[in-house]
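Computed from the coordinates by the stated procedures, all read-outs in this text should not be read as laboratory data. On a predicted model such as this, the values are computed, not experimentally measured, just so you know. Quick reminder, even Gly has a Cβ in these numbers, built from the backbone with ideal geometry, and neighbours come from all protein chains shown.
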Amino acid sequence: MTTKVLIAGKNGMVGSSLVRLYDSNSNFDVIAPSRHELDLLDRNLVFDFMHRVKPDLVIDAAARVGGIVDNRSYPVDFLSINLQIQTNLMDAAAAERVLFNDRSFGGNKFCLCSRQNCRYTINSSLSRSIWI
């Protein structure tokens, strides 16, 4: 039986590497929609997609990025957009009781929600388990 993995952000540096890594292992069935196939800012679309696809694992490598000038000129816009993407994916994963992994905040945040056991916990290690 293969594990169905949803990777958000397949065109970015991290996302494209993850797609290649998981694609190279026959134990995984990779689902990696482009931004044209799934608008991660549209909460309803993300929830519908998650419900329809029913992945076993969601990896969030998606983010709005810009150069130094854009990041300095529009810091709140970038943060707001990325938080919306983050929240939509995390909430949709939790609603479907799907394992959720996020490394978009510098690798210091790790969220899980397994289908078997879904409760709120905080872990004091480098990574935080939000949904386990």
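Among 49, 28, the ranking by other beta carbons within 10 Å of each residue's beta carbon, starting with the fewest, stands as 28, 49.
The label-point distance for residue 81 and residue 56, in a model that sets each label 7 Å from Cα toward Cβ, rounds to 3.4 nm. For residue 28, nonlocal amide neighbours, meaning residues 5 or more places apart or on other chains whose placed amide H falls under 5 Å from its own, are 3. Each residue, residue 74 and residue 44, gets one label point 7 Å from its Cα in the Cβ direction; the gap between the two is 2.5 nm. With the largest listed first and rounded to whole Å, the semi-axes of the equivalent ellipsoid of the stretch 1-80 from the Cα gyration tensor are 26, 16, 8. In this simple spin-label model, placing a label point 7 Å from the Cα along the Cα-to-Cβ direction at both residue 97 and residue 17 gives a separation of 3.4 nm.
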